[in-house]
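Just below is one structure, and these are the notes that go with it.
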Amino acid sequence: MTNSLFPRTGIERRMAIGRLALSSFTLLCVLLDATQPAEQDRFAAIVLGLYVLYAAIAWRFAWRALAPRGRPWLTHSCDIAVLSLLLFAIERPQYLLLPLLVFAFLSGSVRWQWRGTLWTGAALLAVLSGTALYRAVLQREVFEARGIIVEGAVLVVIALLTGRLGALEARARRQMQQLATPPDLQSPHASDDLVGPMLEWAGRLTGAPRVLLAWEEPEEPWVELAFWDGREHRRAQERPGTSGSLVAVDLEDADFLHRPPAACLVVSHSGFRRWDGQPLSGTLRERFSIGPVFSVVLTGEAVRARLLFLDKPGMTLDDLNLARITAHQIAGRLRTQYLARRVEEVAALKERLCLARDLHDGAFHTLTGMALEVERLLRMPRLGLDDARESLRQIQLGLEDEQRTLRMLIERLRTSETKSREPNDSLETRLKDQVSRIERQWGLTVDFSATNLAGIPSGRWADVGFIAQEMLVNAGRHSGASSCRLQIGIDQDCVSIVAVDNGRGFPFKGHYDHDQLVQRRIGPSTLRERAAFLGGHLTLDSTDTGARVQIRVPLQDREPY
């Protein structure tokens, strides 16, 4: 039942205060009333005095309680028992007990809704019938059948009114619970529908049989439609204008409620106003067979939307206010879905850029070097079989090495499904093979030195190899250098890679740190972007007699620089 789902401390406190106030008022009325016989007056005063004392004690306990007490039926039974004694003791006028009578019905309705009203009415009607029978048999001189009928009718009327109030109060508490517990959707994927379950929740909360949501997202060339028809959710995308303007121009920024054929009630910040005409486009009405409708606007940073609740009978402004509350929750889910889509797009773009850098610094340079080797073979005037065999063997080894690199890149792209395998060769072996190949392909003499390579984690090996290859190829291909010194090691929890060549340097001269290179957009862009992606930085010294390029990247992944 509803009372088991909600904290009832506040309700019990209010009922305790009401019991104390009404019992004290009834005691005062009985003491001031002069129409009762003396013995009945004394008995009623004693019963009411004890009831006031009980009400004061109950109020004290209810006021100090931090949580609702168990057995509410016990206090309700005490209320019914006292009222029964007073109904039996007080003959006329019964209006003295009317406040306590209404209180008993209200407390039963609030606690147990229609069941409480029914049980309270049945108990009091039984007491009234027993009292009437007693007086008809033993006190015929004071028995009046018409009075008994009137008292019974009063009980029925009070029961109907308080039962209705109890039902409204129970409905309000159910809606509060539903508002506090929207669907728990924690999907990390933008393709998952976060809106459909929210529409179902909003429909059940407001009592609308169907709910329609239309919205547009920035930079998207379509209108999104989400529909809940009472059984399932549906989604669709349309070009703007396919279904015409959703609402009339005068109502684009307003909430409204429309029950055909009556005029439309428009709610805005300035208040209420009546508007004659159809609030929705004819195309939209025909497509979804729309009759009665109330609608609210959703606005936010990411989306602009309109929420429509369809076909609810007897809708009121309370429904419109409730729709506004649900609209805030739905707007939050729309924003979540929009941001999730953007995160996925940024992640995909980041992965593509990373792959492009790896292919540029790896496969592109390797294949270019192999093309140069093949070209040199073809230009040899007298190509001997032994020379050709040795050159082709070197090309074959280069292709096998690049094949392993490409396999590693492919496995990296599939890390969510397949764990990347550890490389078989050591980093030093791979770097020496790479230096030897670049010397052969680009005619560059490389002085390679490395320290503490064992401290570099295997997850950084590929990045170190790509950076070293890009530095050496740039020196041999663009600067016209004949020799280059390559130094790799660990420096203060960072991998340091330094290349110093004897070429002609960069078009600009001087010392530049990473921020200056980024701001001026100068220097080797691929190395600059890779350093930033790995959370490191690039420094560069350029002179007429050569260049010094250094990249420092953390041993472990950090936030991008």
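Bear in mind these aren't lab numbers, they're just calculated from the coordinates by the rules spelled out. Since the model is a prediction, treat every value here as computed from it, not as a measurement. Don't worry about glycine lacking a Cβ; one is built from the backbone with ideal geometry, like all the others, and counts go over all protein chains shown.
Dividing the Cα radius of gyration by the Kirkwood radius, what Rg/Rh value follows for the range 222-318?
Working: Rg = 13.5 Å, Rh = 14.3 Å.
Result: Rg/Rh = 0.94.
Tell me, Glu351, Glu151 in order of fewest to most beta-carbon neighbours within 10 Å? Mind dumping the intermediate values first?
Details: Glu351 12, Glu151 19.
Lowest to highest Cβ neighbour count: Glu351, Glu151.
Fewest to most neighbouring Cβ within 10 Å: what's the order for Met315, Met176, Met198, Met15?
On the way: Met315 20, Met176 12, Met198 26, Met15 23.
Placing the least packed residue first, the sequence is Met176, Met315, Met15, Met198.
Going by how many other beta carbons lie within 10 Å of each one, how would you line up Glu224, Glu470, fewest first?
So the residues, fewest neighbours to most, are Glu224, Glu470.
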